[in-house]
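Scroll down for the structure; my scribbles are underneath it.
Readers should treat all values here as calculations from the given coordinates under stated rules, not as data from a laboratory. Computed from a predicted structure; not experimentally measured. So basically every Cβ, Gly included, is an ideal-geometry build from the backbone, and we count neighbours across all protein chains shown.
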Amino acid sequence: MFDFKLQDEFGRLAALRRYEVLDTPPDAPFEKITALVKTVLNVPMCAVSLVDKDRQWFKSCVGLDVRETSRNVSFCAHTIGSRSPMVIEDAWLDARFAGNPLVRGEPFIRSYLGAPLETPDGYNIGALCALDTKPRIFAESHINILKSFASLVVDELELQSLARTDQLTGAASRRAFVDDVQRAATRFARHGLASALFIFDLDHFKRVNDTYGHIAGDQVLRAVGQCCAELTRSTDTFGRLGGEEFAVLQPDTDLEGALQTANRFREALAEIVVQHDPPIGITASFGVATFSGLCPTGEAVIAEADRGLYLAKQGGRNRCCVWTR
């Protein structure tokens, strides 16, 4: 029976990118899984491999000194083409891999067992793989163990995906937003690509909760989330940093462009009217910053935007400010 999703590369890559996990720092849950697989299967190498368009990238690996390889030398790129685990008892005897540089050179892969990482919607985004430097026959019990661990990898990806989204407003969580800012900092450091962000805080929000109650306060926050989602570009990240504080990261944007966008957000938020008795209106104060020689890191640019937000609050609120040194 034809399995369309195994051939749908566009959908597979979209499923992979929805997890927003590529190029993120190591995470303990994945590190524990690869360490367990290494021990239980008694192999020198194990990895959680995510197969991108032109590369495989390791979310976690033990016994390997690289974080990624090109896709055309990847064993796992073959594994994602099936619903079943791929077993290679001796790579020297397999025409697909006998001349592979990872077989003939470091890390000298000789045998391979890989279980596809199948998402709930049916896309194989990568593989959990166990590798050895000598030929070996993998027992059926080991194959089933690896399949179970692969399911745990996908479960953890799903949990982290949920944790990346604030359920009340639909915004990215603080952790997810900061991760995106760190990735923007890496792009700036490597390629000089401009990115900007602005942080905004709802003015006198405590009065809303104190006067109308927390249910009304939640209605306001939901309205803010909906408004900002409509204004945010597909390439931007809209995040909730906590409480009534939000932020937007804009790739490929300079300071002037970010200021213009921040003012559009400010004006749109000032037009929100939450149905209540009496109706509730809001305003917000904004701080804007961009990556630069003085702000090359994620922490620095967030701090700079936060200083701008402080100026906006001190200057009367409902305005956008940039911290000037």
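Okay, here's what the table says:
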| read-out | value |
| --- | --- |
| Highest average packing first - 132-138, 209-215, 248-254, Cβ atoms within 10 Å | 248-254, 132-138, 209-215 |
| Peptides ranked, highest mean first, by Cβ atoms within 10 Å: ranges 81-89, 25-33, 190-198 | 190-198, 81-89, 25-33 |
| Projected label distance in nm at residue 218 and residue 92, using a 7 Å step from Cα toward the beta-carbon | 6.5 |
| For 97, 4, order by how many other beta-carbon atoms lie within 10 Å, fewest first | 4, 97 |
| Given 32/206; 59/206; 5/147, the pairs whose alpha carbons are separated by over 31 Å | 32/206; 59/206 |
| The stretch 14-68 and the stretch 196-258: distance between their alpha carbon centers, rounded to Å | 34 |
| MRE, 222 nm, helices only [DSSP H, n ≥ 4, -39500 (n - 2.57), over the chain, to nearest 500] | -13000 deg cm²/dmol |
| Dipole magnitude of the stretch 174-322 about its Cα centre (Cβ charges: Lys, Arg +1; Asp, Glu -1), debye to nearest 20 | 200 |
| Computed lengthening from residue 235 to residue 175, 0.36 nm per intervening residue step minus Cα-Cα distance | 19.8 nm |
| Label-point separation, residue 276 to residue 324 (7 Å along Cα→Cβ), nm | 3.7 |
| Within the chain: Cβ-based charge dipole about Cα centre, in debye rounded to nearest 20 (Lys, Arg +1; Asp, Glu -1) | 460 |
| Extension reserve of the residue 263-residue 134 stretch, reckoned as 0.36 nm per residue once the Cα distance is removed | 40.2 nm |
| Net charge dipole size for the stretch 172-232 [Lys, Arg +1 and Asp, Glu -1 on Cβ; Debye, nearest 20] | 300 |
| Packing rank of 289-298, 62-71, where each peptide gets the mean count of other beta carbons within 10 Å, highest leading | 289-298, 62-71 |
| Label of the coordinate-derived value, Cα extents along the principal axes in Å, listed as (i) 66, 48, 48; (ii) 68, 41, 34; (iii) 74, 44, 35 | (iii) |
| Förster radius 22 Å - calculated FRET efficiency between residue 9 and residue 168 (Cβ-Cβ, nearest 0.05) | 0.05 |
| Spin-label proximity, residue 300 to the stretch 256-293 - amide N less than 19 Å from point 7 Å beyond Cα toward beta carbon | 256, 288-293 |
| Difference of contour (0.36 nm per residue) and Cα-Cα distance, residue 317 to residue 82 | 78.9 nm |
